[in-house]
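A quick write-up on the structure given underneath.
The values are calculated or read from the model by the stated rules, or taken from the named source; none is laboratory data. Only a predicted model underlies this, so the values are computations on that prediction, with no experimental measurement involved. Cβ: placed from backbone, ideal geometry, glycine included. Neighbour counts: every protein chain shown. Ligands, DNA and RNA are excluded from the accessible area calculation, which covers all protein heavy atoms including side chains. Shrake-Rupley method; radii C 1.70, N 1.55, O 1.52, S 1.80 Å.
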Amino acid sequence: MSQPMMAAGFVVALLDYAVSRGADRTDLLRAAGLDEHLLSDQDNRIPVAAYQALIAAAMHATRDTALLLRHTLESRLETMSVVGQIVHHSASLPHSIEQLNRYLRLMADNDGPAGRDRFELLQDGKEVWIVDHVPVQGPDYIGLEASFARFISEFRRSFPGRTFALEMEVTYAPPPHVDEYPSLFQIPVRFNAQRNALRIDPVWVSKDTEFEPGNSYVFGVFTRHADALLEQLGAQDTLRARIEAHILPDLHQGSLSMDKVARDLGMSRQTLYRRLKEEGITFAEIHDDLRQRMARDYLTARKVSVNETAYLLGFSEASSFVRAFKRWTGQSPTGFRDAVV
């Protein structure tokens with residue numbers, strides 16, 4: 001299975017911050033399994049698992065479970081990724097979110113919801129929300145709280161004295177550092193909600209509210225650089241990723257033909273089999289794992305029933321889906337869905 005990767009700029013920034021808070025740099029690098037030379041270029045790709053190990057080691061070393069959250073609120077996105085430069089040179093909040101969704105992969109690969117953007121600007125009556133559609137499970141809340149903290153910190157810094165965030169609702173339970181939320185986020189937070197969303201002042205989506213005029217030439221320079229990086233990542237994509245993208249629209253059909261997929265990808269069945277073997281995966285495992293991830297996505301979103309989820313994933317009977325889901329997670333689909341509410 002190919003592992004998700006992320007930009008080294010975020011790893012370096014957290015590493016430096018943790019060291020400034022008393023952690024030992026050598027110990028952190030050893031815990032994350034990283035060498036300094038891999039961090040020399042902020043656009044280098046680092047395994048997400050290594051970053052997660054770094055977070056855990058840094059929190060342990062500093063005895064601060066809010067370390068990543070604190071770091072996010074005190075750091076600048078533009079110093080870690082070209083995406084930050086693009087966002088800061090966008091014309092408005094809707095434009096910046098559009099660019100963020102477009103270039104998210106340059107920051108980190110993720111198993112976001114298929115077929116939709118990660119971030120959605122949602123108007124609900126007179127209220128305006130930024131919704132994060134990535135499902136949150138267990139310790140994943142650390143990334144989500146940092147995600148919303150990034151929105152808040154960038155606007156606090158760029159528009160001092162102007163109200164941006166009003167309240168936040170999250171699907172996770174109160175974290176160990178919940179007592180610090182009032183001073184760090186400075187807005188009400190509702191835990192164990194049905195979605196992850198940040199309510200903002202509606203003025204930010206008004207047609208009359210645009211960011212200060214930026215330099216369109218500079219914006220173009222940054223986006224061209226980002227597009228080149230995306231093209232490089234696309235060229236490095238694994239065969240597994242290509243197959244997943246190809247079979248996703250046909251999951252509801254159930255049994256998928258490896259011969260047809262091979263033809264559609266311009267190769268023989270034998271070539272496809274050989275190349276998958278080189279990546280250490282089989283066609284059946286790719287199909288099964290994609291079904292599992294999509295099942296989690298559908299059930300977390302709670303917009304379809306268990307029976308409808310079974311149909312969307314190509315199971316002929318709901319009972320077959322239930323057995324598969326228990327094999328994947330150790331839980332029934334209903335139990336899993338109820339646990340994330």
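Taking the options GLN123, GLN194, name whichever one is among the polar types (S, T, N, Q) and under 25 Å from GLY335 (Cα atoms).
Among GLN123, GLN194, only GLN194 is among the polar types (S, T, N, Q) and under 25 Å from GLY335 (Cα atoms).
Can you work out which of the residues in segment 127-158 that are under 15 Å from GLU74 (Cα atoms) and among the aromatic types (Phe, Trp, Tyr) is surrounded by the fewest Cβ atoms within 10 Å (Cβ to Cβ)?
That would be PHE155.
Check segment 1-14 and report whether any residue there is free of Cβ contacts under 8 Å to residues at least 12 places away in the same chain, part of a helix (DSSP H, G or I) and either at negative phi or open to solvent by 70 Å² or more (accessible area, probe 1.4 Å) (or both).
There is no residue in segment 1-14 that is free of Cβ contacts under 8 Å to residues at least 12 places away in the same chain, part of a helix (DSSP H, G or I) and either at negative phi or open to solvent by 70 Å² or more (accessible area, probe 1.4 Å) (or both).
Are there any helices (runs of 4 or more DSSP H) wholly within segment 263-341 with 2 or more residues that are closer than 19 Å to HIS133 by Cβ and small (Gly, Ala, Ser), and if so which?
Result: 283-301.
Find all pairs meeting these conditions: Cβ atoms under 7 angstrom apart; at least six residues apart or on different chains; first residue within segment 179-192 and over 16 Å from PHE151 (Cα atoms); second residue loosely packed, with under 13 Cβ neighbours inside 10 Å and not acidic (Asp, Glu).
PHE191/ALA173; ASN192/ALA173
Residues in segment 87-103: is at least one buried (at least 17 other Cβ atoms within 10 Å of the Cβ), within 19 Å of ALA13 (Cα to Cα), touching a Gly at 6+ places or on another chain (Cβ under 7 Å) and not hydrophobic (A, V, I, L, M, F, W, C)?
No: segment 87-103 contains no residue that is buried (at least 17 other Cβ atoms within 10 Å of the Cβ), within 19 Å of ALA13 (Cα to Cα), touching a Gly at 6+ places or on another chain (Cβ under 7 Å) and not hydrophobic (A, V, I, L, M, F, W, C).
Any chance you could count how many residues in segment 219-259 are modelled with pLDDT under 65 and among the polar types (S, T, N, Q)?
Of the residues in that region, 1 qualify.
For ALA23, work out the one condition from (1) in a helix (DSSP H, G or I); (2) open to solvent by less than 50 Å² (accessible area, probe 1.4 Å); (3) in contact (Cβ under 8 Å) with a residue 24 or more places away in the chain it doesn't fulfil.
Unmet condition: (1).
Being in contact with a Lys or Arg (Cβ under 6 Å, 6 or more places away or on another chain) and either open to solvent by 20 Å² or more (accessible area, probe 1.4 Å) or over 26 Å from GLY138 (Cα atoms) (or both): is that true of ALA284 here?
no
Within segment 64-74, does at least one residue satisfy the condition of being surrounded by fewer than 20 Cβ atoms within 10 Å (Cβ to Cβ) and free of Cβ contacts under 8 Å to residues at least 24 places away in the same chain?
Taking every residue of segment 64-74 in turn, none turns out to be surrounded by fewer than 20 Cβ atoms within 10 Å (Cβ to Cβ) and free of Cβ contacts under 8 Å to residues at least 24 places away in the same chain.
Out of the residues in segment 193-218 that are β-branched (Val, Ile, Thr) and open to solvent by less than 30 Å² (accessible area, probe 1.4 Å), which is modelled with the lowest pLDDT?
If we take residues in segment 193-218 being β-branched (Val, Ile, Thr) and open to solvent by less than 30 Å² (accessible area, probe 1.4 Å), then THR209 is modelled with the lowest pLDDT.
How many of the residues in segment 251-281 are surrounded by 15 or more Cβ atoms within 10 Å (Cβ to Cβ) and of a type in the set (Lys, Arg)?
Summing the residues that are surrounded by 15 or more Cβ atoms within 10 Å (Cβ to Cβ) and of a type in the set (Lys, Arg) in segment 251-281 gives 2.
Of all the residues that make up segment 311-341, how many are over 25 Å from the mean Cα position of the chain (by Cα) and open to solvent by less than 20 Å² (accessible area, probe 1.4 Å)?
Number of matching residues: 3.
Would you check if there is a residue in segment 324-336 being over 27 Å from THR171 (Cα atoms) and modelled with pLDDT of 85 or more?
Scanning segment 324-336, I find no residue that is over 27 Å from THR171 (Cα atoms) and modelled with pLDDT of 85 or more, so the answer is no.
Of the numbered conditions (1) under 19 Å from ASP109 (Cβ atoms); (2) of a type in the set (Asp, Glu); (3) crowded, with 19+ Cβ neighbours inside 10 Å, ASP43 fails exactly one; give the number of that condition.
(3)
Pick from segment 165-188 the residues that are within 19 Å of the chain's Cα centre (by Cα) and not in a loop (DSSP other than H, G, I, E, B): which of them is surrounded by the fewest Cβ atoms within 10 Å (Cβ to Cβ)?
Filtering first and then ranking leaves GLU169.
Within the bounds of segment 153-164, is there any residue that is touching a Leu at 6+ places or on another chain (Cβ under 8 Å) and part of a loop (DSSP other than H, G, I, E, B)?
no
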